[in-house]
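The values are calculated or read from the model by the stated rules, or taken from the named source; none is laboratory data. Source: prediction; values computed, not measured. Cβ placement follows ideal geometry from the backbone for every residue including glycine, while neighbour counts extend to all protein chains displayed.
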Amino acid sequence: MASDQASPSETCSLEKHLTCSICMDSFVDPVTTGCGHSFCQDCLSRNFTLNDMSCPLCKKHQSKIPDVNITLRSIVEQVKKTQEPDDDKYTGAPGEVACDICTERKLKAEKSCLLCLASYCSTHLENHSSTGRLKGHKLVKPVKDLDERACLQHGRPLELYSRKTETCICVQCMGEGHEEVVSTEDEWSKKKAKLEGSIVELEQKIKRRQTQVDEINASLKTCKEQIENEWWEIDGVFTAVIAIVERAQATALQPLEDRRQAVEKEAEDLKGELEAEISELEKAIAQLSDIFTLDDHIRFLQIYSSLQNTDKIKDKEVEFDTSLSFGTMRKTTTTLLEQIEQELEKLTSTELQRVRKFAVDVRLDPTSAHQRLILSDDGKEVKDGGEDKEADEAPERFDLYASILGRNSLTSGKSYWEVGVSNKTGWDLGVARGDANRKGILSMNPDNGYWVTVHYEDDKYAALTAPPLRLCPEEKPKKVGVFVDYEEGLVSFYDVTAESHIYSFTECSFNDKIFPYFSPHVKQADKNTEPLIISAVNACEDMLIP
């Protein structure tokens, strides 16, 4: 049987004769010159415009641009059509299903019939729309392996679904232990609805997780910005500290450099004087040597009398001062430490921002309060009441010092709280170990389980170390922050308003649970009547109330 289409070799040979020799592409509106050569109409027109009116191939003169060669154009269009791919042809590509009825030239199936268990192209599918007995068949998108959709036992289509066995069955399988049988279409609708709900739920889970990812990215960006800000702030402070140290180093070394230069100059001057005297003595020796060899008595005596009297050249003591007396460097080192401390103090604001993140909700414990103390209902304020009031003699109560502990048991991690102390002439703040003595005269220092700073006599401050250490804050604190790092053994005090550091107990050995410690001190007439107020901190992470 003759083929309807040209072979690839024939098509390739024909394409050579249908290619413009100017643009080297298929002819577009081809024209043929009088000499028999063909070109695209636009290509020949541009050639005639740029060059003379001659054929680009044989150079024969042409009088005009020929009209379009209709026959040649038709041939070009026909060849293009034969080269266009046949979209309906089955190629075996992934996802394609062949028509089961097509023989020589297989076309792609348009539908598959679940009753006929066959796939049909658009031409062979017409019977299912024109024949009455086929109109009720279930048609679906083309699928492969239709045999898997037939019952292996009875060879009939799997039209039903057994909910008991959760399998697809045919009509003849009914009554063989299969109960709750429904059509596959009904079960498909039910399962599809369930899957749709599952998809929606999974999409919501994805959305929630994507939101969490976005939150993490936003938090990461904020954190990186904070790190960068703190980085440059800390780097700036230590750069300034390095500059201070370098200036102090230069100041301490300058006297040595000055002394070295002075000693070198003095040595050069002395060496110059001595070398001049050596030269003069060597000259005298030369003169004496000259007359020493004379045998002429008269000449010898005449010259001798005119010689320099060498007895006048006397030896002298040369004093070269090499002492290194510069005094102390105390002023330089003191200034250095003061300037470094001033620079490092600039980091306190950054430090306060960090420790505030460990804020805890501190509340006062009334069972530990001295009888003079008055507490607010919310356990946030304490002041001296002026006289003792009735209270049970609990072992945890302070009986001599007007002190009180917080209810917060600190046993690990980091904790921070702030206390308002405005207008008070005296107070104690800090932490106390749970087993520290609370009765009688107390020796408050770290050895006895107390890490406390004290304000007294209106303008004096001290850290209760052993012995106490006098503190000199630049300003009178209005609000004091207390930070505890249990694992590191650190208790630090800050002036929150001035953003400055007051004092830190380091290398503390807690060895037990510790509690916030307070004492408002007793009031004196109309002085020191205000309470200590535990104020709220911007960031409060957790409560350590047992």
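For this structure, a couple of remarks:
- Counting only residues that are in a strand (DSSP E or B), more than 42 Å from the chain's Cα centre (by Cα) and without any contact (Cβ under 8 Å) to a residue 24 or more places away in the chain, region 449-466 holds 1 of them.
- Residues satisfying the stated conditions in region 412-434, i.e. outside any loop (DSSP other than H, G, I, E, B) and either more than 15 Å from D495 (Cα to Cα) or not charged (D, E, K, R) (or both): K414, S415, Y416, W417, V419, G420, W427, L429, G430, V431, A432, R433
- Residue selected from region 384-409 under the condition at pLDDT 95 or above and in a strand (DSSP E or B), by the criterion nearest to the chain's Cα centre (by Cα): G406
- Of all residues in region 499-532 being assigned to a strand (DSSP E or B) and surrounded by fewer than 17 Cβ atoms within 10 Å (Cβ to Cβ), the one that is modelled with the lowest pLDDT: Q524
- Figure legend. Inter-residue proximity from region 313-338: first residues in contact (Cβ under 8 Å) with a residue 12 or more places away in the chain and closer than 20 Å to A248 by Cα, second residues assigned to a helix (DSSP H, G or I) and hydroxyl-bearing (S, T, Y), beta-carbon distance below 9 Å, spacing 6+ or different chains. Indicated pairs: M329/T251; T332/T251; T335/T251; L336/T251.
- Residues that are hydroxyl-bearing (S, T, Y) and surrounded by 15 or more Cβ atoms within 10 Å (Cβ to Cβ), drawn from region 413-439: S415, Y416, T425
- Which numbered condition D147 misses (of (1) of a type outside the set (A, V, I, L, M, F, W, C); (2) without any contact (Cβ under 8 Å) to a residue 24 or more places away in the chain; (3) loosely packed, with under 10 Cβ neighbours inside 10 Å): (2)
- Cβ-Cβ under 7 Å pairs, at least 6 apart or on other chains, region 424-444 side without any contact (Cβ under 8 Å) to a residue 40 or more places away in the chain, far side surrounded by 17 or more Cβ atoms within 10 Å (Cβ to Cβ): A436/G449; A436/Y450; M444/Y450; M444/V452; M444/L464
- Residues that are among the hydroxyl-bearing types (S, T, Y) and free of Cβ contacts under 8 Å to residues at least 24 places away in the same chain were ranked within region 64-82; the one that is nearest to C35 (Cα to Cα) is T71.
- Residue within region 282-289 that is surrounded by 10 or more Cβ atoms within 10 Å (Cβ to Cβ) and in contact with a helix residue (DSSP H, G or I) (Cβ under 7 Å, 6 or more places away or on another chain) present: yes
- Restricting L347, L410, L352 to residues that are surrounded by 14 or more Cβ atoms within 10 Å (Cβ to Cβ) and out of contact with any strand residue (DSSP E or B) (no Cβ under 7 Å at 6 or more places or on another chain) narrows the list to L347.
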